Amino acid sequence: MATMFDETTSTETVTTVEGVLAEYDNPHALMAAAEKVRDAGFKKWDAHTPFPLHGLDKAMGVRTSILPFLVLGGGFVGVVAALGLQYFTNAYDYRFMISGKPYFSLPASIPVTFELMILFSAFAAFFGMFALNQLPKFANALFHNERFLRVTSDRFFIVIEAADPSYNAADVNSLLQSTGAINVETYYSDTTETRFPKQIKSALITVALLAMFVPGLIIVKRNTTSINPRFHIVPDMDWQPYFKPQNTNPYFADDRAMRPQIEGTIARGNLEDDSRFYRGIEPGGEAELANFLNASFQEEPADGEEPPAADAVPVVDNTPWVSELPIEVNEVNMERGRQRYRIYCSTCHGLGGEGDGLITLRAQQIGSSTWVTPVQLSSESVVNQPVGKIFNTISHGIRKMPGYGSQIPVEDRWAIALYVRALQKSRTATEDQIPADVLNSFDKSTASTDSSNDGVGIVGPNDDINTNTTPTQTPDSQ
């Protein structure tokens, strides 16, 4: 029960009793006093110490906080809200079938549910703590008591508020005196100025008005019409010129909307820096290869052009071709080469490389004047070619033969070159180079009459394909 005092000051401020403050000089006295106050049955009282005291909450009879239950409830609300929101949006309000999956799936909803459970639990802990501690409090009458200021250094206090139902000034003073307090006194309400400073009030009003300007402008614009076009902050971005791929573009000198690749551009994974494997030449021979290719493709005159003069200087091949296969010589690559050869090469060169493929035979049958009979792969001019040059011929073609570099992978082109070497070996091998068991089982009369037999089977497994020939650079050996 608060006591009213007629302590009217010059400013006519009325003070009220807030409670009784008891001061102690050690924690043991505070603990003993707290037990007595607790046993006296007071409800609105508190103990203040400069440092935490273990056991003080038990001495005061403080009950377990309900904050954990508030956090548990917040988490439960988050789970229900997350599952309900996902079910409502996915399975009811906006159903959208994706790859036959169910509209609502509990495992797929767990991540969002977990996040909202944590979020709502944090909100419950934060705002629950504020509510239970009756925060925020911007002032307290105890802060104006001179003795209470030592609570953060070396003094201990018990405060019984006047709002307690059992409060009686005389009885409270008597009780606290009996607890061994070194000082007991009544403290009063805060009488300092409570009016808000005018400057801060004006500043807050100005900030509030400025904060409302943009939302207000948006509301006005969204609910009104205008004959003026929209204001574009960056018009170059809003009004960019667009061109379709096959259209003209006046911004470039060639008027092409499709821009060619920048010279030297290499797609990722297509560096092809191994010249032996990708081009069949030794490193550093790119310039010689380019000269050879340019000269080779100028050998055959185009339609309507005059053929080269009889005394024209033949092309001199200075390209440093590789003389050894960059792939392993084994049965797998040999069989792969046989398959690729029969698919891409045999139609012109024939199964045995004799230049008697079906297209050649048909051209000869109809008497085609433009058909150039393919060279025999076992001829000396081809046998003497380095294997790198054979690879280059497969890749870029020669004379009437087109290049197959865009159709046949690099590994398969080398496999074909390996198989061509085997074909050549089968035509030039002597009996002492053929394994005895193969030689004994080989029917020479059948091999000479069967056009489907390429003869590669007579090549011994230990024969060195790479050293089958000794490359000889001659101008007409392409």
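Key figures
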{"item": "Selection status of LEU83, closer than 30 Å to LYS44 by Cβ, assigned by the TED database to the domain that holds ASP46 and assigned to a helix (DSSP H, G or I)", "result": "no"}
{"item": "Checklist (1) within 26 Å of PHE69 (Cβ to Cβ); (2) at pLDDT 95 or above; (3) touching a helix residue (DSSP H, G or I) at 6+ places or on another chain (Cβ under 8 Å) applied to PHE127, failing item", "result": "(3)"}
{"item": "LEU293 vs. criteria within 30 Å of ILE394 (Cβ to Cβ), under 36 Å from the mean Cα position of the chain (by Cα), of a type outside the set (Val, Ile, Thr) and modelled with pLDDT under 90", "result": "no"}
{"item": "Cross-chain or 6+ apart pairs with Cβ under 7 Å, the range 190-204 first and touching a residue at least 24 places away in the same chain (Cβ under 8 Å), then surrounded by 10 or more Cβ atoms within 10 Å (Cβ to Cβ)", "result": "ASP190/ALA139; ASP190/ALA141; ASP190/HIS144; THR191/THR13; THR191/THR15"}
{"item": "Count - residues of the range 95-128 that are touching a residue at least 60 places away in the same chain (Cβ under 8 Å) and of a type in the set (Lys, Arg)", "result": "0"}
{"item": "SER178 being in contact (Cβ under 8 Å) with a residue 60 or more places away in the chain, in contact with a Ser or Thr (Cβ under 7 Å, 6 or more places away or on another chain) and at negative phi", "result": "no"}
{"item": "Selection count, the range 398-419, where residues are out of contact with any Lys or Arg (no Cβ under 8 Å at 6 or more places or on another chain), open to solvent by 10 Å² or more (accessible area, probe 1.4 Å) and under 17 Å from PRO374 (Cα atoms)", "result": "6"}
{"item": "Selected residue (only one of GLU331, GLU354 is acidic (Asp, Glu), loosely packed, with under 14 Cβ neighbours inside 10 Å and either touching a strand residue (DSSP E or B) at 6+ places or on another chain (Cβ under 9 Å) or assigned by the TED database to the domain that holds ILE408 (or both))", "result": "GLU331"}
{"item": "Filter result (in contact (Cβ under 8 Å) with a residue 40 or more places away in the chain and either in contact with a Ser or Thr (Cβ under 6 Å, 6 or more places away or on another chain) or among the aliphatic types (A, V, I, L, M) (or both)) within the range 53-71", "result": "ILE66, LEU67, LEU70, VAL71"}
{"item": "Filter result for LYS43 (modelled with pLDDT under 95, in a helix (DSSP H, G or I) and within 29 Å of GLY180 (Cα to Cα))", "result": "no"}
{"item": "Conditions (1) in a helix (DSSP H, G or I); (2) touching a residue at least 40 places away in the same chain (Cβ under 8 Å); number of the one not met by ALA131", "result": "(2)"}
{"item": "Subset of the range 420-444 (residues that are among the charged types (D, E, K, R), touching a residue at least 40 places away in the same chain (Cβ under 8 Å) and open to solvent by 30 Å² or more (accessible area, probe 1.4 Å))", "result": "ARG427"}
{"item": "Residue tally, condition open to solvent by 100 Å² or more (accessible area, probe 1.4 Å) and within 12 Å of PHE114 (Cα to Cα), over the range 75-101", "result": "1"}
{"item": "Residue list for the range 237-276, filter: in contact (Cβ under 8 Å) with a residue 12 or more places away in the chain and in contact with a Ser or Thr (Cβ under 7 Å, 6 or more places away or on another chain)", "result": "ALA257"}
{"item": "Those residues of the range 134-157 which are small (Gly, Ala, Ser) and either without any contact (Cβ under 8 Å) to a residue 60 or more places away in the chain or in a helix (DSSP H, G or I) (or both), in sequence order", "result": "ALA139, ALA141"}
{"item": "Selection within the range 66-115 - under 30 Å from LEU132 (Cα atoms) and polar (S, T, N, Q)", "result": "THR113"}
{"item": "Residues being open to solvent by less than 80 Å² (accessible area, probe 1.4 Å) and over 19 Å from ILE160 (Cβ atoms) - total across the range 54-67", "result": "3"}
{"item": "Residue check, VAL62 assigned by the TED database to the domain that holds ARG155 and assigned to a loop (DSSP other than H, G, I, E, B)", "result": "yes"}
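The rows are residues; the columns are (1) assigned by the TED database to the domain that holds VAL332; (2) touching a helix residue (DSSP H, G or I) at 6+ places or on another chain (Cβ under 8 Å); (3) in contact (Cβ under 8 Å) with a residue 40 or more places away in the chain; (4) of a type in the set (Asp, Glu).
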position: VAL383; (1), (2), (3), (4): yes, yes, yes, no
position: GLY397; (1), (2), (3), (4): yes, no, no, no
position: GLY403; (1), (2), (3), (4): yes, yes, no, no
position: ASP412; (1), (2), (3), (4): yes, yes, yes, yes
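The values are calculated or read from the model by the stated rules, or taken from the named source; none is laboratory data. Treat the numbers as computed from the prediction; the structure is a model and nothing was measured. We place every Cβ from the backbone using ideal geometry, glycine too, and count neighbours over all the protein chains shown. Note: areas computed on protein heavy atoms with side chains; ligands, DNA, RNA excluded. Shrake-Rupley method; radii C 1.70, N 1.55, O 1.52, S 1.80 Å.
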